[in-house]
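Step one of this worksheet: look at the structure below.
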Amino acid sequence: MVRFSSVLVSFLAVGSTSAFAPQKSQAVRSSALQMSVDTGNKEPIKVGVIGCGRIGIVHLGAINKAPGVVPIVVSNPTVSKAEDAAKTFGVPKFTSDAMEVITDPEVDAVWICSPSQFHADQIKACAANGKDVFCEKPIATDLAETVEAINACNEAGVKLMIGLQRRFDPNFLRVKQAIKDKEVGDTIIIKTCSRDPAPPPYEYVKGGGGIFNDMAVHDLDMTRFLAGDDPIEILAVGSCHIDKSIEDLPGSEAFDTASCIVRYPGGVNAMVDVCRQSSYGYDQRAEVLGTSGMIATDNVYPNTAKIYKNDFTGNADMPFDFFLSRYFEAYVTETEAFCKSLVEDSPVPCTGIDGLVALVMSLAADKSAAEGRWVKFSEIIEQVYCASPTECSLLANSEMFPEGFKPSSNFEDLDKLVLDDVDKQKEDGSFMDKFKSMIWS
């Protein structure tokens, strides 16, 4: 078995020097968000959507408005939902079978909006059929399977974009722009919080992977997005205050509240707090303290109306209390960003590597909370062994490997486990020649 160097995340981040930095259709209407794409006289990119639940419908609506892209088939296991979506958005074909979307010879790209447990296999199937892929996060909850899915796309030369929608939220983007433009000087501290309006049911929490993987992962990714640098290590703690019924669940599934500190180079620290209940609505904020100022976001409200009374002054209504209301514009914007990438054949703004690193960060947080110590991200990364780009497993500390195949904890070796994505291949020439020389030299 060939052991690629244990590092997962280096050179798929196109346009960055940091490993962790961050086609007969209905008439196509111009985008509500005024996406600017010069389609010329090109044939539209034909796409299929897997999953017609809440998220799938949001993406389908955005696709339907994006210039140069047209949905031609949708699927859902409950076929009536697929039929309703097809009628609503004028899509000519619908089916209950996701594979009929993936194998449709007319389809150029596929949006995967199915339940998380199907993502990795559907990504691999798309790659095998030469389809570009947009997939809601996570790629997979298993690290090795995540690497396999990414490499399947990169080996096939198809695009893969992961839906980390908060990166496209205008509030967080404004903070990112302030950091980039040095409006508040050099970054000292990053803070984010996520507090849900109400806890999910016991059945949702059970088997969900725990609070770091199903909730804090968004905030951990946001700290990386804002820091624009390689995270070094993490300290995480968790507790239960809201729903005592989950205390019998294993690991971090028993937590409804958690906090993390992430260390970045240059002494920058990021602090994250998450809670499954907020009595005052959906609380989603970010703050960055710099050497010459501070920038912070507020929550998003249904309107700007305020009430002024002798015993109260403030917003007339509570913040949005549902993630689709809060992040609707972000979901639409990320979809349009992938449509633009397809039409212009440009790099995707949120890569498979971004999804992979988010998973690494959440797994490290989970390990830290379980063991009560700082955990380096390299400890998670070094657990993956691959016999080939698409045959990986978690075999850390196994004695079956000779010394030369032992994992490395050096972040500078991160370019040896994941293949170049299709856009990077165009820059650097034949990825296969480079891959072979990297592994066998």
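Values as computed for the structure displayed
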{"quantity": "Some residue of the range 98-113 being farther than 30 Å from Glu382 by Cα and of a type in the set (S, T, N, Q)", "calculated": "yes"}
{"quantity": "Any strands (runs of 3 or more DSSP E) falling wholly within the range 43-115 and containing at least 1 residues that are buried (at least 23 other Cβ atoms within 10 Å of the Cβ) and among the small types (Gly, Ala, Ser)", "calculated": "45-50, 69-75, 109-112"}
{"quantity": "Members of the range 218-270 found to be hydrophobic (A, V, I, L, M, F, W, C) and open to solvent by 10 Å² or more (accessible area, probe 1.4 Å), listed by number", "calculated": "Phe225, Ala227, Ile232, Leu235, Val237, Cys240, Ile242, Leu249, Ala254, Phe255, Ile261, Val268"}
{"quantity": "Pair list, Cβ under 7 Å, 6 or more apart: the range 230-252 residue more than 25 Å from Ser279 (Cβ to Cβ) and among the β-branched types (Val, Ile, Thr), other residue in a helix (DSSP H, G or I) and open to solvent by 40 Å² or more (accessible area, probe 1.4 Å)", "calculated": "Ile232/Pro265"}
{"quantity": "The one condition in (1) within 22 Å of Asp221 (Cβ to Cβ); (2) assigned to a loop (DSSP other than H, G, I, E, B); (3) in contact with a strand residue (DSSP E or B) (Cβ under 6 Å, 6 or more places away or on another chain) that Ala286 fails to fulfil", "calculated": "(2)"}
{"quantity": "Of all residues in the range 271-318 being open to solvent by less than 20 Å² (accessible area, probe 1.4 Å) and among the aliphatic types (A, V, I, L, M), the one that is farthest from Arg195 (Cα to Cα)", "calculated": "Val288"}
{"quantity": "Within the range 351-387, considering residues that are among the β-branched types (Val, Ile, Thr) and assigned to a strand (DSSP E or B), the one nearest to Ala216 (Cα to Cα)", "calculated": "Val375"}
{"quantity": "Filter result for Ala330 (of a type in the set (Gly, Ala, Ser) and at pLDDT 95 or above)", "calculated": "no"}
{"quantity": "Residue in the range 322-331 that is under 21 Å from Arg195 (Cα atoms) and in a loop (DSSP other than H, G, I, E, B) present", "calculated": "yes"}
{"quantity": "Residue within the range 182-201 that is touching a helix residue (DSSP H, G or I) at 6+ places or on another chain (Cβ under 7 Å), in a helix (DSSP H, G or I) and among the small types (Gly, Ala, Ser) present", "calculated": "no"}
{"quantity": "Odd one out for Lys367, checked against (1) over 18 Å from Pro138 (Cβ atoms); (2) open to solvent by 40 Å² or more (accessible area, probe 1.4 Å); (3) charged (D, E, K, R)", "calculated": "(1)"}
{"quantity": "Count - residues of the range 338-364 that are under 27 Å from Phe212 (Cβ atoms) and surrounded by fewer than 21 Cβ atoms within 10 Å (Cβ to Cβ)", "calculated": "1"}
{"quantity": "Residues located in the range 127-145, provided they are out of contact with any Asp or Glu (no Cβ under 8 Å at 6 or more places or on another chain), assigned to a helix (DSSP H, G or I) and open to solvent by less than 30 Å² (accessible area, probe 1.4 Å)", "calculated": "Leu143, Ala144"}
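The values are calculated or read from the model by the stated rules, or taken from the named source; none is laboratory data. Quick caveat: nothing in here was measured; it's all calculated off a predicted structure. So basically every Cβ, Gly included, is an ideal-geometry build from the backbone, and we count neighbours across all protein chains shown. Surface areas here come from the heavy atoms of the whole protein model, side chains and all, with no ligands, DNA or RNA. Shrake-Rupley method; radii C 1.70, N 1.55, O 1.52, S 1.80 Å.
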